[in-house]
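The values are calculated or read from the model by the stated rules, or taken from the named source; none is laboratory data. From a predicted model like this one, the values you see are computed outputs, not experimental measurements. Here Cβ is always computed from backbone atoms with ideal geometry, including for glycine, and neighbour counts include all displayed protein chains.
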Amino acid sequence: MDRPMPQVQLRFYEELNDFLPPALRKTTITHELTRRTSVKDLIESFGVPHTEIELILANDRSVDFSYIVQAGDRISVYPMFESLDISPLIRLREAPLRVPRFIIDANLGRLARYLRLLGFDSLYRNDYHDQEIADIAQRDRRIVLTRDRALLQHKSITHGYFVRSDKPREQVKEILARLDLYNSAHPFTRCMRCNGEIENVDKESVDHQLQPKTRQFYDRFRRCKDCGQAYWRGSHFERMERLCEEFLSSNNRGQSKNSKSPNGRAHWDKR
């Protein structure tokens with residue numbers, strides 16, 4: 001008589017269920033062990049990227065990704081916790097996930113511009129290859145934002161987020177809420193074109209970039225330190241300001257105290 005295969009019980013919590021087929025969501029999964037495997041490989045075999053995970057408990061004890069699964073294990077897998085301080089329990093990473101510097105996959109260009117508008121350091125090119133994203137994320141300790149689940153399964157990527165929504169504005173709200181970034185927003189401090197920091201400059205230094213009416217009616221200017229693009233408080237500032245308020249008002253506690261530009265309620269037109 002054949003001996004029964006060793007089994008483990010596995011449970012995914014909260015939004016990690018988004019990655020599972022409907023029949024496996026919000027239930028305890030009984031899984032047969034056919035080979036020696038790490039808990040990371042076991043979890044990702046269900047399609048859940050390791051970058052989405054904040055805490056793994058094996059038999060109520062915190063373990064890291066290298067833990068070798070044993071017959072009879074009860075494994076609980078949790079996403080990021082927002083309301084509880086579980087730092088004494090976490091064994092997965094040297095640093096927390098919530099470091100607001102991003103590298104953004106090729107299909108999320110509008111998201112990158114919106115995050116830059118809010119002041120977040122957001123690298124983006126539409127020709128990034130997966131390995132290039134993984135290398136930059138590891139080197140610069142950036143959070144990868146993508147809608148490609150396979151990208152987040154790169155072993156070298158430790159900080160990443162799978163963006164659920166396919167609508168750019170909803171993507172921004174999703175990320176702000178998921179990573180609790182409201183108090184980290186500093187609108188109008190980064191260039192939406194290249195991600196460089198914006199600084200105040202005198203009118204003379206950007207005079208050659210201005211159209212006659214702009215030169216006549218505006219006196220306060222800013223410029224990107226990297227690409228040199230000039231910004232001023234122009235006709236679009238009210239629309240962009242409302243957009244920032246829409247994003248930041250998603251916080252149930254109210255708009256971030258740090259949400260205003262250093263120059264007051266002003267957006268900067270560009271040329």
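Structure notes:
- Here is the figure for region 26-36: residues that are outside any strand (DSSP E or B) and either over 29 Å from the mean Cα position of the chain (by Cα) or surrounded by 15 or more Cβ atoms within 10 Å (Cβ to Cβ) (or both) total 4.
- Single match in Tyr161, Tyr124 (criterion: touching a strand residue (DSSP E or B) at 6+ places or on another chain (Cβ under 8 Å), outside the structural domain of Phe247 (by TED's automatic domain parsing), at pLDDT below 95 and of a type in the set (Phe, Trp, Tyr)): Tyr161
- Lone qualifier among Tyr218, Tyr231 - being more than 31 Å from the chain's Cα centre (by Cα), more than 30 Å from Glu52 (Cβ to Cβ) and among the hydroxyl-bearing types (Ser, Thr, Tyr): Tyr218
- Per-region count, region 162-184, residues crowded, with 17+ Cβ neighbours inside 10 Å, in contact (Cβ under 8 Å) with a residue 60 or more places away in the chain and touching a Ser or Thr at 6+ places or on another chain (Cβ under 7 Å): 5
- Selection status of Val69, touching a helix residue (DSSP H, G or I) at 6+ places or on another chain (Cβ under 6 Å), modelled with pLDDT of 95 or more and closer than 23 Å to Pro6 by Cβ: yes
- Residue in region 198-211 that is surrounded by 14 or more Cβ atoms within 10 Å (Cβ to Cβ), among the small types (Gly, Ala, Ser) and farther than 16 Å from Ala112 by Cβ present: no
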